[in-house]
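See below for the structure under consideration.
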Amino acid sequence: MADMTAETTATRQVSFSALRPSREAVVGTLAVLAFLVLWQIAPSMGWVNGRFTSRPTEVFFAAIDVFRKDDFLFHARISLTEFVAGFALAIIVSIPLGVLLGTSKIARYLIDPPLMALYIAPTLVLLPIMVIWLGIDMAPKIAVVFLGAVFPIVLNTMAGMSEADPRFLRMARSFGATKLDIFMRVLVPGSLPALLTGIRLAVGRAVLGVIVGELFVSQAGIGYQINLYGSAMRIDRLLVYVLIVSAFGYTLTILVRSVENRIRDWRSK
Amino acid sequence: MAQIEIRDLGIDYRKPKSNEVFSAVDNVELSIEKGEFVTIVGSSGCGKSTLLMAVAGLVNLSRGSIKIDGKQVTGPGPDRAVVFQEASLLPWRSVRGNVKFGLEMQRWNGGDLNERAMQMIRLVGLSRFSDYHPHQLSGGMRQRVNIARALAVDPDVLLMDEPFGALDAQTREIMGTELLRIWERHKKTALFVTHDIDEAIFLADKIVVMGRNPGHIKEVIKVDLPRPRDEAILDSDDFHSLRKRLRAHLAEDMSSMQLVKEVA
């Protein structure tokens, strides 16, 4: 009886908040609107030079231009290909590696220090080497995406595996669990949230890898376009591309986080 | 012959830093009959949990032997199941999923897993909560799940390591009565570790009193209180005199501890 009432109150609260936006949403929206208005009028008021700042309306029309002409899809496809290839490679390599490191102490002692060093160092510094090794096509960018994404996933998977609750392991052993049982039924489900955290962190680093890689060496791609419009002083178009990149990274991160939260639900204590 | 035979048992540990060896349990001799409810009581550090874990096959013996139905214990086995101190329930599994865990590990082939699990969940009175996850349950409910999980694999011997230690006094009393109700049905051999004197008497056919440095058995006390028992028994004269006897044992242990402290 008691928890039934609790349930109805909870539902009621949810429906209320759907009707009436939260204070957080109101304040957030107002802040964005205020910023847009300020940005729009600042050049006309002579506060800033419009040549350097552009205006929201200009960016809006530039966006229409970019999507209609400007080979947007061509460039987006190249950047996306680099991102997906690098990220997929990172996942294929990092999950088994993380599992190995998380379950074997010896492997951990062996690889942990260099791994940490590479994780902390900005992997973008390796870009010049990648160019020498792999040319200026998509390959060096894929490599940089891979290097950016691989470490957060390895380290988080490793942590998730090696920090498994020893009480769970003992409990499983008391029921005669084999090593494989413990791995499949305790370690894997237990480290899933950590793995997703790793993937979420990797998304940001991978997006950065693609764009910065393209800024430096490329003949096409979103980063190439940003560079192009930057040197041509086309701030409006440049900002369109910047917004596309950030929307892409933001959406992916939110997506992973929502999966993460659903899985973490059972951990919420 | 008794169902569980513990002979000349000794368990040594190596301290992690100093490499010094100390005995957690030494010279333990104990026989437990089939269907007996035995409680092990003693102050902390007397090796009572170590003894239980040895019977579970989860720690290595340094000396002596443990036999169950004549067979040497060398590791965990389907003839035994452990109810741990903290719930140790897998947080990503529902109540039913947790109760099924032991069955899955032991490759249970006595029929449908779900049905078996539900049967056990009904037994501990959690039918309405079978789809809940551990974080949605109270401490007492979690320990019910823990008991259901152990009973599900139908062990000959039920090993319980202070299962109600983290619960408040009231819940603890309810859980004790509940445990006896469940136990009366199957009369499985039960080994129950606790530091709570009342709990030790209330549940037991036989109380094993342990002392420290190294962990050893001080006395084995038979409890002849009639069954089935309920809380009313806590006020009986027999109960009082047993309580007095146990108190004296534990007080002795405490004072010797004090002495060690002063010397050090």
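Every number in this text was worked out from the coordinates using simple rules, so none of it is lab data. No experiment lies behind these values; they were computed from the predicted model shown. Quick reminder, even Gly has a Cβ in these numbers, built from the backbone with ideal geometry, and neighbours come from all protein chains shown.
Using a Gaussian network model of chain A in which every pair of alpha carbons under 10 angstrom is joined by a spring, one finds that among A:R167, A:R51, A:R20 the greatest mean-square fluctuation is at A:R20.
Close amide H partners of B:K218, meaning residues 5 or more places away or on another chain with modelled amide H under 5 Å apart, are B:V209, B:M210, B:G211. Each peptide among A:138-149, B:242-253 gets the average number of other Cβ atoms lying within 10 Å of its residues, and from highest to lowest they stand as A:138-149, B:242-253. Listing A:E163, A:E82, B:E104 from fewest to most neighbouring C-beta atoms within 10 Å gives A:E163, B:E104, A:E82. With a cut-off of 17 Å on the backbone N, the residues of the range A:215-240 near the modelled label site 7 Å out from A:T57 along Cα-Cβ are A:236-237. For chain B, the direction-averaged projected area of the alpha-carbon convex hull comes to 15.4 nm². Here's the picture: charge each Lys and Arg Cβ at +1 and each Asp and Glu Cβ at -1 in the range A:50-192, and of A:L155, A:M130, A:F74 the one pushed furthest to the positive end of that dipole is A:L155. Let's see if you can work this out: charge +1 on each Lys and Arg Cβ, -1 on each Asp and Glu Cβ, no other charges. What is the dipole magnitude of the range B:89-154 about its Cα centre, in debye to the nearest 20? Computed about the Cα centre, the dipole is about 160 debye.
Using all pairs of distinct alpha-carbon atoms, the Kirkwood hydrodynamic radius of the range A:55-144 works out to 16.3 angstrom.
Each principal axis of the Cα cloud of the range A:143-269 was taken in turn, and the coordinate range along them, longest first, works out to 69, 28, 15 Å. Neighbouring Cβ atoms from other chains, within 10 Å of the Cβ of residues in A:165-171, number 6 on average.
What order do you get for B:L89, A:L100 when you list them from fewest to most C-beta neighbours inside 10 Å?
Values: B:L89 26, A:L100 16.
Ranking B:L89, A:L100 by Cβ neighbours within 10 Å, fewest first, gives A:L100, B:L89.
For the protein assembly as shown, the residue among A:Q40, A:A107, A:L201 whose Cα projects farthest onto the positive side of the dipole built from Cβ charges is A:Q40. Legend: mean number of C-beta atoms from other chains within 10 angstrom of residue C-beta atoms, peptide B:99-105, equals 4. Rounded to two decimals, the Cα-based Rg/Rh of the protein assembly as shown, with Kirkwood Rh, is 1.14. Taking amide H positions as modeled 1.01 Å from N, with prolines and chain starts lacking one, the residues under 5 Å from B:G64 and 5 or more places away or on another chain are B:G10.
Distance from the Cα centre of the range A:159-186 to that of the range A:26-80, in angstrom? Using only Cα atoms, the two centres lie 53 Å from each other.
The label-point distance for A:A220 and B:D237, in a model that sets each label 7 Å from Cα toward Cβ, rounds to 10.0 nm. Most tightly packed first, judged by the mean number of other beta-carbon atoms within 10 Å of their residues, the peptides B:17-26, B:191-200 read B:191-200, B:17-26. Label-to-label distance, A:L110 versus A:V48, with points set 7 angstrom from Cα along the beta-carbon direction: 5.4 nm.
Let me have the 222 nm mean residue ellipticity of chain B computed from DSSP H runs of 4+ only, each contributing -39500 (n - 2.57), with the sum over all residues rounded to the nearest 500.
Numbers: 7 runs with 97 residues, N = 264.
Rounded to the nearest 500, it is -12000 deg cm²/dmol.
Relative to the longest principal axis of the Cα atoms of chain A, the long axis of helix A:105-120 makes an angle of roughly 10 degrees.
Report the charge-dipole magnitude of the protein assembly as shown in Debye, nearest 20, computed about the Cα centre from +1 at each Lys and Arg Cβ and -1 at each Asp and Glu Cβ. Before the final figure, lay out each step's value.
Numbers: 61 positive and 54 negative charges, 216 e Å.
It comes to approximately 1040 debye.
In the range B:89-154, the alpha-carbon atoms span a convex hull of 68 Å³ per residue.
Other protein chain C-beta atoms within 10 Å of residue C-beta, averaged over A:172-183: 6.
Under 11 Å from the Cβ of B:L89, count the other residues' Cβ atoms, weight Lys and Arg +1, Asp and Glu -1, and hand me the total. Numbers along the way, then the final one.
Numbers: positive: A:R167, B:R93, B:R142, B:R144, B:R149; negative: A:D165, B:E86.
In short, +3.
Using a simple charge model, +1 on the beta-carbon of Lys and Arg, -1 on the beta-carbon of Asp and Glu, nothing else, what dipole does chain A show about its Cα centre, in debye to the nearest 20?
Values: 25 positive and 17 negative charges, 123 e Å.
Taking the Cα centre of chain A as origin, the dipole is about 600 debye.
Seen through its C-alpha gyration tensor, with square-root eigenvalues sorted a ≥ b ≥ c, the range B:79-233 comes out prolate because a/c lies at 1.5 or above while a/b is bigger than b/c. For chain A, the relative contact order comes to 23 percent (Cα pairs under 8 Å, sequence separation of at least 6). Of all the options A:V203, A:V66, A:V212, the one that moves most in a Gaussian network model of chain A with Cα springs shorter than 10 angstrom is A:V66. Net charge of the neighbourhood of B:G165, taken over other residues with C-beta under 13 Å away and scored Lys/Arg +1, Asp/Glu -1, is -3. Neighbour counts of other Cβ atoms within 10 Å put A:R77, B:R80, B:R14 in the fewest-to-most order B:R14, A:R77, B:R80. Judged by the mean number of other Cβ atoms found within 10 Å, the most tightly packed of the peptides B:57-64, B:120-127, B:44-51 leads the ranking B:44-51, B:120-127, B:57-64.
Label-to-label distance, B:M254 versus A:R262, with points set 7 angstrom from Cα along the beta-carbon direction: 5.4 nm. With contacts taken as Cα pairs under 8 Å at a separation of at least 6 residues, chain B carries a relative contact order of 25 percent. The Cα atoms of chain A give a gyration tensor whose axes a ≥ b ≥ c have a/c of 1.5 or more with a/b no greater than b/c, which makes the shape oblate. A Förster radius of 60 Å combined with the Cβ-Cβ distance from A:V125 to A:R20 puts the calculated FRET efficiency at roughly 0.75.
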